[in-house]
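Right, one structure below, let's go through it.
The values are calculated or read from the model by the stated rules, or taken from the named source; none is laboratory data. Source: prediction; values computed, not measured. Reconstructed Cβ throughout: ideal geometry from the backbone, glycine too, with neighbour counts over all protein chains shown.
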Amino acid sequence: MEEAEKKLTLQWIETWKKAGEAMEQIRKQELQSPEYGKNDQLIDSLLDLAVERGTHRTSTGLVELQQLFANYRNSKLNNQIDTHELSL
């Protein structure tokens, strides 16, 4: 990396650090603002609706996702084996 590129990269890093700090400050102010709680009743109603109409999940879906990954991996391996056998 050339010196000019390195300097520009360091400037970008510093700019994003400052932006991140400023955004965190804004987030804290918004959370502490009295307007944050003005929609409490609406939020409570939405949460109640979710509880009333929601279904209880017996799984997080992780097992199913792992099964999909395994099937995908196996299909890729099978395709590689088929391709290799055809080239022989």
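Structure notes:
- Restricting Lys38, Lys6 to those that are assigned to a helix (DSSP H, G or I) and at pLDDT 90 or above reduces the list to Lys6.
- Near pairs, Cβ below 7 angstrom, 6+ apart or cross-chain, from the range 17-31 (at positive phi) to any residue that is at pLDDT below 95: none
- Taken over the range 41-57, the criterion of being among the basic types (Lys, Arg) and modelled with pLDDT under 85 is satisfied by Arg57 alone.
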